[in-house]
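Colleague: One structure, as C-alpha cells, below. Some questions next.
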Amino acid sequence: HMNAILDPSEQGMMGYWNFNEASDEDAFDGTANNNDGIVHGATRYFPASPRDAFVNFDGTDDYVSITPINDSLDISGSMTMESWIYLTDTSDLTRRMIMMKGADTDHNYSMYAQSDLSGKFKIHTDGHYVANTLTNEGASDTDHILEANKWYHVAASIDTEAGLHNIYIDGELVL
C-alpha cells in the first residue's frame, strides 16, 4: 500500500533507502543486507523533517551507486520494486531511470519513465522488457501518462512462477 511505512526488517526485503541521511553523499540501506550507496551529483532536501527527505536527480548524470553489489541484489525470482518520483518535465524523458541493477548482467532489472510514448512507465528485467510499450516481448501498454510537477508512487511487481507482472501508480493497478 502506497501510504504504508515500510519495515526494513521485513523478511525478504533486499534494500530500503529512505535518503534521510544528513550527508548529501550517503544512502544507507535500512536492511541487514548492507547495500549502502553513494549519491553522485544529486542534492538532498529536507522540506519539513528527515522523514520527508528526498534527493533531486537532474535526469542526466546523477545517480546512486552501490558497491560492492552483494548477492542479496541478484534477484532471479519474483520481486517488487517501488519508489516515490517527481518529474519536473515529461516532454524529454529519453529514459529517466528510477532504479536499475546492472545493465548487461544476469539478474538485471530496472524501472523507468520514458517519453517516447508520452511519459509512460516501464519495467525491464533480465534483458527483456516486462512491461513496455515499444515491443511485444511479454509486454503490455500501461495507458498511464505521467504528468510533470506531480508526485507519484510507482511500484512494479513481478511473479516469475506465474509469469505475471503488475504496475501500480499511486496504488492503482495500471497493468
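The values are calculated or read from the model by the stated rules, or taken from the named source; none is laboratory data. Not measured: the values here are computed from a predicted model. Every residue, glycine among them, receives a Cβ derived from its backbone with ideal geometry; neighbour counts consider all protein chains shown. Keep in mind that these areas ignore ligands, DNA and RNA; they rest on the heavy atoms of the full protein, side chains included. Shrake-Rupley method; radii C 1.70, N 1.55, O 1.52, S 1.80 Å.
Colleague: Name every residue in the stretch 27-51 that is loosely packed, with under 14 Cβ neighbours inside 10 Å and of a type in the set (D, E, K, R), in order of residue number.
Modeller: 51
Residue by residue, here is whether (1) at negative phi; (2) within 16 Å of the chain's Cα centre (by Cα); (3) not small (Gly, Ala, Ser) holds:
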site	(1), (2), (3)
3	yes, no, yes
13	yes, yes, yes
18	yes, yes, yes
29	yes, yes, yes
34	no, no, yes
41	no, no, no
47	yes, no, yes
55	yes, yes, yes
62	yes, yes, yes
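Colleague: Hey, any hits in the stretch 107-122 for a residue that's open to solvent by 20 Å² or more (accessible area, probe 1.4 Å), modelled with pLDDT of 65 or more and in a loop (DSSP other than H, G, I, E, B)?
Modeller: No: the stretch 107-122 contains no residue that is open to solvent by 20 Å² or more (accessible area, probe 1.4 Å), modelled with pLDDT of 65 or more and in a loop (DSSP other than H, G, I, E, B).
Colleague: Might you let me know whether the stretch 11-25 holds any residue that is assigned to a loop (DSSP other than H, G, I, E, B), farther than 22 Å from residue 167 by Cβ, open to solvent by 70 Å² or more (accessible area, probe 1.4 Å) and at pLDDT 85 or above?
Modeller: Yes, that holds for at least one residue.
Colleague: What pairs come up if the first residue lies in the stretch 50-72 and is touching a residue at least 24 places away in the same chain (Cβ under 8 Å) and farther than 15 Å from residue 18 by Cα, the second is surrounded by 11 or more Cβ atoms within 10 Å (Cβ to Cβ) and among the charged types (D, E, K, R), and their beta carbons are under 8 Å apart, counting only those six or more places apart or on different chains?
Modeller: If the second residue must be surrounded by 11 or more Cβ atoms within 10 Å (Cβ to Cβ) and among the charged types (D, E, K, R), the pairs left are 59/89; 59/96; 69/101.
Colleague: Next up: Can you pull out every residue in the stretch 76-106 that is modelled with pLDDT under 75, open to solvent by 80 Å² or more (accessible area, probe 1.4 Å) and of a type outside the set (Gly, Ala, Ser)?
Modeller: Listed by number, the residues that qualify are 92, 94, 95, 104, 106.
Colleague: So, one more: Take the residues of the stretch 134-175 that are part of a loop (DSSP other than H, G, I, E, B) and of a type in the set (Ser, Thr, Tyr): which is modelled with the lowest pLDDT?
Modeller: Only one residue tops the list, namely 135.
Colleague: Give me a count of the residues in the stretch 55-75 that are at pLDDT below 85, open to solvent by less than 70 Å² (accessible area, probe 1.4 Å) and of a type outside the set (Asp, Glu).
Modeller: Within the stretch 55-75, residues that are at pLDDT below 85, open to solvent by less than 70 Å² (accessible area, probe 1.4 Å) and of a type outside the set (Asp, Glu) number 5.
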